[in-house]
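A short write-up of the structure that comes next.
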Amino acid sequence: KTKGFIFDLDGVIVDTAKYHFLAWKNLANSLGFDFTETQNEQLKGVSRVESLKKILAWGNTTVSDDKFQALMALKNTEYLEFINKMDDSEILPDVPRVLDYLIENNQGVSLGSASKNARVILEKVNLLSKFKTIVDGNDVSKAKPDPEVFLNAAKSLHINPEDCVVFEDSVAGVQAANTANMISIGIGSKAVLHEADYIFNDFTEISTDFINKLINN
Ligand code: B16
Ligand code: MG
């Protein structure tokens, strides 16, 4: 049977979360405040606009619409400086093994990311060709935990949502997958991702047996 396997990007395929954090932190600092790594969890999987809204609220800061746009552009410029230095050494462990196994077994493989920079990142790490379809921040109007991104990915693969599996590192993304009626696989800590159907620290813990079960059940 052909199932759909939808991969989140940031935190699942590559650890760009650290670059988002650095760039947002610098932006907050330039506005005269700071935020913690615990607060940063709430930015994972969340769109650029929603991220900036949260950060400004943390700093009790309000800005005009023009300034808001300028701040987003500033953050993205700094973020892209980190992205431009990336190469395939930044792919998280065993991600290529799992991708290749799914492709060899004729499964539908799609990207479901909130990032508007998804394509450029996949190009930098040389994984663009592995994905049959890509749904990213340019294709959706509602941010995770809304299921739109994953439902669009299922549609792009011509596979029913119930036959899709989502790999996610964020709470918002796990919730989006659950709402979409997909199998949710959390990549990260059990304490954070407890709403997921299955949780692994990383892809090295995902066995061929486990993938076969997902394909065949
Ligand atoms: P950009 P994902 C998400 O990517 C990140 O987790 C989130 O922190 C970021 O704000 C969002 O992309 C938007 O990214 O500014 O590049 O459009 O985890 O959904 O792959
Ligand atoms: Mg993510």
Hey, among PHE7, PHE21, PHE35, which residue is among the hydrophobic types (A, V, I, L, M, F, W, C), modelled with pLDDT of 95 or more and within 12 Å of ligand 2 (Cβ to nearest atom)? PHE7
Which members of region 181-194 meet the condition of being surrounded by 14 or more Cβ atoms within 10 Å (Cβ to Cβ) and not in a strand (DSSP E or B)? ASN181, MET182, GLY188, VAL192, LEU193
Hey, does region 101-108 have a residue that's surrounded by 14 or more Cβ atoms within 10 Å (Cβ to Cβ) and within 16 Å of ligand 2 (Cβ to nearest atom)? no
Here the residues within region 138-180 that are assigned to a loop (DSSP other than H, G, I, E, B) and within 23 Å of ASN40 (Cα to Cα) are ASN138, VAL140, SER141, LYS142, ALA143, LYS144, PRO145, ASP146, PRO147, ASP169, SER170
Which residue out of LYS1, LYS18, LYS25 is under 18 Å from LEU74 (Cβ atoms), more than 8 Å from ligand 1 (Cβ to nearest atom) and basic (Lys, Arg)? LYS25
Can you pull out the residues in region 133-158 that are within 15 Å of ligand 2 (Cβ to nearest atom) and closer than 24 Å to ILE103 by Cβ? ILE134, VAL135, ASP136, VAL149, PHE150, ALA153
Among the residues of region 127-137, how many are within 13 Å of ligand 1 (Cβ to nearest atom) and assigned to a strand (DSSP E or B)? 2
If we keep only residues of region 41-85 that are among the polar types (S, T, N, Q) and more than 23 Å from LEU122 (Cβ to Cβ), then the residue nearest to ligand 2 (Cβ to nearest atom) is GLN42
Scanning region 67-94 for residues that are in a helix (DSSP H, G or I) and either touching a strand residue (DSSP E or B) at 6+ places or on another chain (Cβ under 8 Å) or charged (D, E, K, R) (or both) gives LYS67, LYS75, GLU78, GLU81, ASP88, GLU90
Let me confirm something: among LEU71, LEU9, which residue is closer than 27 Å to SER141 by Cβ, within 9 Å of ligand 1 (Cβ to nearest atom) and not polar (S, T, N, Q)? LEU9
If LYS124 satisfies all but one of (1) under 19 Å from TYR198 (Cβ atoms); (2) over 12 Å from the mean Cα position of the chain (by Cα), what's the number of the condition it fails? (1)
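The values are calculated or read from the model by the stated rules, or taken from the named source; none is laboratory data. Since the structure is predicted, the reported quantities are computational estimates derived from the model, not experimental observations. As a convention, Cβ positions derive from the backbone with ideal geometry for all residues, glycine included, and neighbour counts pool all protein chains shown.
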